[in-house]
Amino acid sequence: MKSVSFAIGRLTAALSAVGLGVALASAAFADVVGQPTDGAIDLQPAASQIRRDVAIFHNHILLPIIVAITLLVAGLLVICIVRFNSRANPVPARWSHNTPIEIAWTVIPVLILMFIAIFSFKLLFEEHDMPRPYMTVKVTGRQWNWDYEYPDQKIGAYTSSVLSRDDAKARGLPYLLAVDAPMMAPVGKVVRVQVTGEDVIHSFSVPAFGIKIDAVPGRLNETWFKSDRTGVFYGQCSQLCGLNHSMMPIQVDVVSQPQFDAWVASKAPPAASLALAAPAAALAAAPAAAAAAR
C-alpha cells in the first residue's frame, strides 16, 4: 500500500512540475494578436466574441475534463502496475465481470458527453446565427492564392498572393503569412464571408476570428465574423491542397470605417470615378461660364 501511495505521490509531483513549466512558458511568450507566436502554447488572442466563446469552451469545459480523465486513467494504470504485478500479487483473481463497474463506465462517459454537448451546441448555434451583415465578401480559393470580391461595394475580384521571402523581410512582415493584397474589413461590422473553391478543396481559416470553413469547388459555404479591434490578422489554408499548400496565407486588415470607405473609393473603377468627377467639374465651371456670359 505504501508503494502505491509513493507512486501516486511521484505522479502527482511530476504532473505539478509539468503544469508549472506550462505556466512559466505561457508567461515567457507573450502572444501576438492576429498571428502565431513562436514558442507559445495557448490559443491566439481573440479579436471577436465568437473566438472568445471558443476559447472559454476549450479552456474551461474541455480542458478540465481532459485533465481529469487523464489523471484518472494514469492513476488506475499506476495502481494496476504496482499492486497487481506478478511479484506483488502472485495469485491473480479469477473473476471476470463486475456489474456495477460496467454500468458506471458506460453511464459516466455518456453523462460527460451530454454535459459537453450542452455547451457545444450552444456554441454551434451562436456560430451559425449570423446577425444582419453589413457587407459580403466572396472568397475563392485556388492553387495557390485567394480571390476577394466585394459585391456590395461593386469591387470586382482581386487576387491575394503570398509575399516572397525577400519582400516580407524588406517590409518587416511575417513570411508565409503576409500577402500583397489583403482582405479589408471595417471594425465592429458583421462581415459575411462566402467561400468556394476553383480547383481542389481549400479551407479559409482565421484563428483570431474563430472562423474556419472549407472552400469546395461547385459549392458556396458561408460564415461570418465581427472584429472588435483594428489590426492585421493572419490565417492560412487549413486543408491540405497540394504541393504549395503552405503558400496560401490569409491576411485580413481590419480598419476604421473612414479608412475602409477610403479604400473602397480607391478601388472604384475609372468609369465610376469619371462619372463622380463630371458633376463636380460642371459645378466648378458654372461660375466661370456665367461670368463670361456677362
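Each reported figure results from applying straightforward, stated rules to the coordinates on display, with no laboratory input. What you see is a predicted model; the values in this text were computed from it and never measured. All Cβ positions, even for glycine, are placed from backbone atoms using ideal geometry, and neighbour counts span all protein chains on display.
Classify the range 119-175 as rounded, prolate or oblate, taking a ≥ b ≥ c as the square roots of the eigenvalues of its Cα gyration tensor: rounded when a/c is under 1.5, otherwise prolate if a/b is larger than b/c and oblate if not. Oblate. DSSP beta bridges fully contained in the range 135-268 are about 70 percent antiparallel.
Once you order the gyration tensor axes a ≥ b ≥ c over the Cα atoms, which shape class does the range 31-103 get: rounded for a/c under 1.5, otherwise prolate or oblate by comparing a/b with b/c? Note, shape of the range 31-103 comes out oblate.
Would you pull out the residues with amide H under 5 Å of ALA178's amide H, same chain only if 5 or more places away, H placed 1.01 Å from N? The list, which skips near neighbours in sequence, is LEU163.
Sorted on the mean count of surrounding Cβ atoms within 10 Å across their residues, most packed first, peptides 213-221, 175-183 read 175-183, 213-221. Exposure proxy shown here: for VAL191, VAL78, the number of other Cβ atoms within 10 Å sets the order, fewest to most, as VAL78, VAL191.
Taking 0.36 nm per residue of sequence separation and removing the Cα-Cα distance, the LEU176/THR136 pair yields an extension gain of 11.8 nm.
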